[in-house]
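All of the numbers you see were taken from the coordinates with simple rules; none came from a lab. Computed from a predicted structure; not experimentally measured. In this analysis, Cβ positions are derived from the backbone assuming ideal geometry, glycine residues included, and neighbour counts consider all displayed protein chains.
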Amino acid sequence: MTGGYFSDAALFLIDTVIGLYTLIILLRFLFQLTRADFYNPVSQFIVKVSNPPLAYLRRVVPSVRGIDFAAVVLLVVLESLRLGLKELMIGHTPHLAGVLMLGIAEILKLAVYVFVFSIFARALLSWVSKGHHHPLAHLLGSFTEPLLMPARRLLPTTGGLDLSPIIVFIALMLLLKLLVQPLLDLGRVMI
């Protein structure tokens, strides 16, 4: 019985440690894509923590048209490693193609949820007048604005009420249901 406790604890540690580092790498990648405030203290922390493996990978994997493919490779490797180790620990022998497909789908799902959470947090901070001067509020603004701006252009003026987060939430949920979920299902079948 004690073996079950140790394997559960090991599974938890693998899931947590690799999952958190994957989130940090994903945030760095998304901050670069959206051109979020690089000099923000939160951004600087993410850059410092994620820089060692990315600096090494950038020697091998180049950036193309401003997209940091070293970060993409690292994300896929980390998430696939996390999923593969979990499968091995529960006694399954995973197939590499399934693990890779599931890893890519999980990264896409996490990216969607990062944007959803960021937009929600930005909306909450906008209700607090002092929140606009906080570094996190500024970072959330520069991070989510590339998604919200096109939605604002589509909507008519509503007298100070910004409905663009609702449009973006709907688009992100449709992305989850129409793209990410089929990839997750395919990866689970292949694993």
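Just one of (1) touching a helix residue (DSSP H, G or I) at 6+ places or on another chain (Cβ under 8 Å); (2) more than 28 Å from I191 (Cβ to Cβ); (3) polar (S, T, N, Q) trips up S80, so point out which.
(2)
Condition first: closer than 24 Å to H133 by Cα and not in a helix (DSSP H, G or I). Now tell me which residues in segment 25-63 satisfy that.
R35, A36, D37, F38, Y39, N40 - these are the residues of segment 25-63 that are closer than 24 Å to H133 by Cα and not in a helix (DSSP H, G or I).
May I ask you to say which residue of I191, I166 is surrounded by fewer than 16 Cβ atoms within 10 Å (Cβ to Cβ), over 16 Å from the mean Cα position of the chain (by Cα) and among the β-branched types (V, I, T)? Break it down into steps so the answer makes sense when it comes.
Values: I191 fails: surrounded by fewer than 16 Cβ atoms within 10 Å (Cβ to Cβ).
Residue meeting the stated conditions: I166.
Quick one: how many residues across segment 44-75 are of a type in the set (G, A, S) and surrounded by 17 or more Cβ atoms within 10 Å (Cβ to Cβ)? Steps first, please.
Residues of segment 44-75 of a type in the set (G, A, S): 50, 55, 63, 66, 70-71.
Filter once more, keeping what is surrounded by 17 or more Cβ atoms within 10 Å (Cβ to Cβ): 50, 70-71.
Summing the residues that are of a type in the set (G, A, S) and surrounded by 17 or more Cβ atoms within 10 Å (Cβ to Cβ) in segment 44-75 gives 3.
Residues are listed down the side, and each one gets a yes or a no for (1) over 22 Å from L148 (Cα atoms); (2) without any contact (Cβ under 8 Å) to a residue 40 or more places away in the chain; (3) among the polar types (S, T, N, Q); (4) touching a Cys at 6+ places or on another chain (Cβ under 9 Å):
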site: K86; (1), (2), (3), (4): yes, no, no, no
site: L108; (1), (2), (3), (4): no, no, no, no
site: A111; (1), (2), (3), (4): no, no, no, no
site: L125; (1), (2), (3), (4): no, yes, no, no
